[in-house]
Amino acid sequence: MFFLGEESFSGYGLPNLPSGIFTKLDLQEQEDYSILLYPSPVNDYLQIQTNFNEIDFIEIIDMTGKSVLTTTESTNINVSNLVEGHYIVNVHSFLGTITQKFVKSN
């Protein structure tokens with residue numbers, strides 16, 4: 001497993017988790033792919049932007065490790081039903097799994 005960089009959401013209390021976790025790829029291949037989640041914090045719709053098209057499914061996990069949403073929608077995810085807090089997004093694709101984090105607010 002390879003960790004790609006780190007980000008923190010200062011002021012939101014989110015632990016300093018890796019911003020991108022890739023599996024199944026070597027270092028050179030990982031540099032060729034990117035994923036962007038926005039906005040964060042998000043109220044209603046989480047936008048996911050990638051430079052690749054083959055996303056199998058997306059899973060959103062709360063900070064207790066519980067899967068709270070799974071979808072095949074790959075660009076515009078309705079998160080309005082989620083409670084306010086911090087979440088992890090696992091994007092499953094031909095690359096393996098790419099992990100990012102976001103903050104949900106009301």
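The values are calculated or read from the model by the stated rules, or taken from the named source; none is laboratory data. Since this is a predicted model, take the numbers as computed values, not measurements. Cβ coordinates were reconstructed from backbone atoms using ideal geometry, including for glycine residues, and neighbour counts include every protein chain displayed.
General observations
- Options I88, I98; residue that is at pLDDT below 95, closer than 19 Å to S34 by Cβ and among the aliphatic types (A, V, I, L, M): I98
- Taking the range 69-101 as the range and being of a type in the set (G, A, S), outside any strand (DSSP E or B) and under 13 Å from the mean Cα position of the chain (by Cα) as the test, only S74 passes.
- Scanning the range 48-63 for residues that are loosely packed, with under 13 Cβ neighbours inside 10 Å and assigned to a strand (DSSP E or B) yields Q49, D56.
- Taking the range 12-47 as the range and being assigned to a loop (DSSP other than H, G, I, E, B), polar (S, T, N, Q) and at pLDDT 75 or above as the test, the residues that pass are S34, S40, N43.
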